[in-house]
Every structure is written in C-alpha cells, then in structure tokens.
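The values are calculated or read from the model by the stated rules, or taken from the named source; none is laboratory data. What you see is a predicted model, and the numbers here were worked out from it, not measured in a lab. Cβ placement follows ideal geometry from the backbone for every residue including glycine, while neighbour counts extend to all protein chains displayed. Ligands, DNA and RNA are excluded from the accessible area calculation, which covers all protein heavy atoms including side chains. Shrake-Rupley method; radii C 1.70, N 1.55, O 1.52, S 1.80 Å.
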Amino acid sequence: MDIAVCRAADVPLLDRALPGPGRTSFHARRLARQQAGECTYLVAWRNGRPVGSAEMRWIGCTAPEVTVGCPEIGGMAVVPEERSRGIGSGLIRACEGLARERGIAVVGIGVAKDNPRAAALYARLGYRPLVEYADRYAYVGADGRTHACVDLCTFLTRRVGG
C-alpha cells in the first residue's frame, strides 16, 4: 500500500471507489479545501487503485461543542472489501506524521456513535474521548434536494509529538 497526497486526477477514481451520497463529490470538496490550504487530503493506493482516504483538516473541527484547538483527521474511509488490512491505521499514522512535521503535538478525530468498529481502531491507536458533539453536514441528492444530516459523535484526541 502507498499513501499519497490527492491530485485532481484522483478525484474521479475516488468517486467510483468510495462514492458519497448525492450529486456533488465529497472528494472534489476535499481537494478544493486542500488547494485552499485548509487540509491535506491523502489517498491510500493498492495495485494502482484507491482503497482509502483521509483528510488532515488543519483548521480543526468546526462543531461548536469541540473547543480544543487541534487539527482533525476527517473523511476517513476504506473500501469495504479492503477493511482490516491496515489501511485505516496507515492513513491515520500518515496524518499524524504530517502533524509532527508541522510541530503539532495533538490531533483529533471524530467517530460516530453508531460506528463501534472505527471507535475500537481509534482506541487501539491511542485516541481518547474528549467531548460528544453533533456532526452536521448537508449534500445535494440525486433528486436535486438538499439533505441535512446530523451524526452523534465523540471527538477523540491523541498526543503525537513534543
């Protein structure tokens, strides 16, 4: 497995491998944030195809309940048939490495209450609960309507450096 910074040419491949709901591409939005300097968007590759992705959001979590000022690992996704093969762990470690390169000591990650598998991975990697929050987002569906979503989450943190 290789992990690389996302390029514009990767977006259509990511849309096919890890599709999101709706008309607009989650991956294109993450790439736009990367181009604006708000994040670094990483893609995990195996045999020339994307098998996972993660966004190191330098601007941190925007939920008002999360008041800690640290970058957030977001957009974690692994192709279902590739799970339990170290891809998620590799992406998290790569994000942590980016933080250390910038002299950042603490990073955070959110996990939905209904995702015990991810919560177990983050706990194994040393992330500890800090605060519960509501992750709010919206997307435009195939029907052309905007769909507002709220996921109940826990924000976790881990010391990664100095």
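Across all directions, the average projected area of the convex hull around the alpha carbons of segment 37-83 is 4.2 nm².
ARG83 to ALA142: FRET efficiency via 1/(1 + (r/R0)^6), r the Cβ-Cβ distance, R0 35 Å, to the nearest 0.05?
Numbers: r = 26 Å, r/R0 = 0.75.
Working from the Cβ atoms, E equals 0.85.
To the nearest 0.05, how large is the calculated FRET efficiency for VAL68 and THR24 if R₀ is 35 Å and r is the Cβ-Cβ distance?
Values: r = 29 Å, r/R0 = 0.84.
Computed FRET efficiency for VAL68 and THR24 comes out at 0.75.
Can you pull the semi-axes for segment 69-128, root of five times each eigenvalue of the Cα gyration tensor, sorted largest first, whole Å? Please report the intermediate quantities before stating the final value.
On the way: eigenvalues 83, 37, 18 Å².
Semi-axes from the Cα gyration tensor: 20, 14, 10 Å.
Put a plus charge on the Cβ of each Lys and Arg, a minus charge on the Cβ of each Asp and Glu, and nothing anywhere else: the dipole of the chain about its Cα centre is then about 280 debye.
The alpha-carbon positions of segment 1-79 define a convex hull whose volume is 101 Å³ per residue.
Solvent-accessible area assigned to carbon and sulfur over the chain amounts to 51 percent, based on a 1.4 Å probe. Just checking the listed ones, ALA142, ALA118, ALA44: in the Gaussian network model of the chain with Cα springs under 10 Å, the one fluctuating most is ALA142.
Tell me, what is the percent relative contact order of segment 103-162, built from C-alpha pairs under 8 Å that lie six or more residues apart? Please list the in-between numbers first.
Values: 95 pairs, mean separation 31.4, N = 60.
With pairs under 8 Å counted, the relative contact order is 52 percent.
Taking 7 Å steps out from each Cα toward its Cβ at ASP151 and ASN47 produces label points 2.8 nm apart. Note that segment 38-162 shows a convex hull volume over its alpha carbon atoms of 129 Å³ per residue. Averaging the Cα positions of each part gives two centres, and for segment 25-79 and segment 99-120 these lie 11 Å apart. Accessible surface area normalised per residue over the chain is 52 Å², counting heavy atoms of protein chains with a 1.4 Å rolling probe.
If you rank SER53, SER89, SER84 by how much accessible surface each has, with a 1.4 Å probe, what is the order from largest down?
Values: SER53 0, SER89 35, SER84 105 Å².
Sorted by accessible area, descending: SER84, SER89, SER53.
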